[in-house]
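Novice: Mind having a look at this structure? Questions to follow.
What follows draws every value from the coordinates through simple rules; no lab data is involved. Bear in mind the structure is a predicted one, so any value in this text is a computation, not a measurement. Every residue, glycine as well, gets a Cβ built from its backbone with ideal geometry; the counts of neighbours run over all protein chains shown.
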């Protein structure tokens with residue numbers, strides 16, 4: 001693993017190729033352990049539309065959406081507690097986040113070849129001065145980021161397996177999303193797809 005100087009991506013700290021192949025493979029095994037306890041679900045927006053990503057989580061909280069709205073909750077939709085955040089991910093938080101708090105949630109998003117994530121802000125957390133750390137594993141994804149207003153200009157970058165992005169400071173409430181998955185661009189996973197792990201402080 002390297003901790004090179006980050007690239008400024010509209011205020012976000014972008015660390016390309018932060019994780020080598022061995023570190024990526026180890027994280028995939030940790031994700032599989034999470035999903036054995038807390039299986040992926042296909043969330044529904046409050047308006048009743050199914051999201052194209054599948055989701056799970058680890059930590060004190062998971063982020064969920066359904067007819068009741070967007071929120072963090074302490075249990076998987078099947079009723080059980082979320083598994084603990086693996087040490088491998090907590091260590092990356094300590095290394096890259098510049099936060100003096102421990103992460104309380106690791107959101108696991110799985111993107112199939114056709115999955116997308118529309119422009120949105122991460123703003124369901126209590127302390128918006130705390131960063132959000134994002135780790136990409138598997139197929140490449142076109143990441144789009146703008147400003148704090150939905151109408152602000154955006155720029156895009158292809159995130160590759162092993163890249164890390166930290167939304168912090170002026171970029172913490174930036175609108176961002178995933179426009180496209182480049183299916184089959186990585187051999188990390190057994191089949192095509194992308195795993196995005198986002199660590200955050202909730203309370």
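Novice: Contour minus end-to-end for residue 70 and residue 47, with contour as 0.36 nm per residue of separation and end-to-end as the Cα-Cα distance? If you can, show how the numbers build up before the last one.
Specialist: Values: separation 23, 0.36 × 23 = 8.28 nm, distance 1.09 nm.
Between residue 70 and residue 47, full extension yields an extra 7.2 nm.
Novice: Here is a follow-up. How would you order 107-114, 193-200 from highest to lowest mean count of nearby Cβ atoms within 10 Å? Working shown, then result.
Specialist: On the way: 107-114: 18.2, 193-200: 23.2.
Most protected by this proxy first, the peptides run 193-200, 107-114.
Novice: I want to make sure I understand the PRE zone here: with the label point 7 angstrom from the Cα of residue 187 toward its beta carbon, which residues in segment 4-23 have backbone N atoms less than 14 Å away?
Specialist: Within reach of a label on residue 187, which here means backbone N under 14 Å from a point 7 Å along Cα→Cβ, segment 4-23 contributes 21-22.
Novice: Please sort 75-82, 183-190 by packing, taking for each peptide the average over its residues of neighbouring beta carbons within 10 angstrom, highest first. Before the final figure, lay out the partial values.
Specialist: Details: 75-82: 12.9, 183-190: 14.9.
Most protected by this proxy first, the peptides run 183-190, 75-82.
Novice: If you average the sequence gap of Cα pairs under 8 Å that are 6 or more apart and divide by the length of the chain, what percent do you get for the contact order? The partial results should precede the final answer.
Specialist: Values: 501 pairs, mean separation 52.3, N = 203.
In percent, rounded to a whole number, it is 26.
Novice: Quick check: from the Cα gyration tensor, does segment 105-164 come out rounded (a/c under 1.5), prolate or oblate? It would help to have the intermediate numbers written out before the result.
Specialist: Values: a/c = 1.80, a/b = 1.22, b/c = 1.47.
Note, shape of segment 105-164 comes out oblate.
Novice: Stretched out fully, how many nm does the piece from residue 142 to residue 114 gain, at 0.36 nm a residue minus the Cα gap? Could you put the intermediate results ahead of the total?
Specialist: Details: separation 28, 0.36 × 28 = 10.08 nm, distance 1.23 nm.
Full extension from residue 142 to residue 114 adds 8.9 nm.
Novice: Let me ask something additional. Rounded to the nearest Å, what's the spacing between the alpha carbon centres of segment 128-145 and segment 5-73? Just the number, please.
Specialist: 9
Novice: Now, a different point. With the alpha-carbon atoms as the only input, what is the per residue convex hull volume for the chain in Å³? Don't skip to the end; give the middle numbers.
Specialist: Working: hull volume 22.6 nm³, N = 203.
Per-residue hull volume (Cα only) is 111 Å³.
Novice: What FRET efficiency do you get for residue 87 and residue 20 if R0 is 30 Å and r is their Cβ-Cβ distance, rounded to the nearest 0.05?
Specialist: Details: r = 18 Å, r/R0 = 0.59.
It comes to 0.95.
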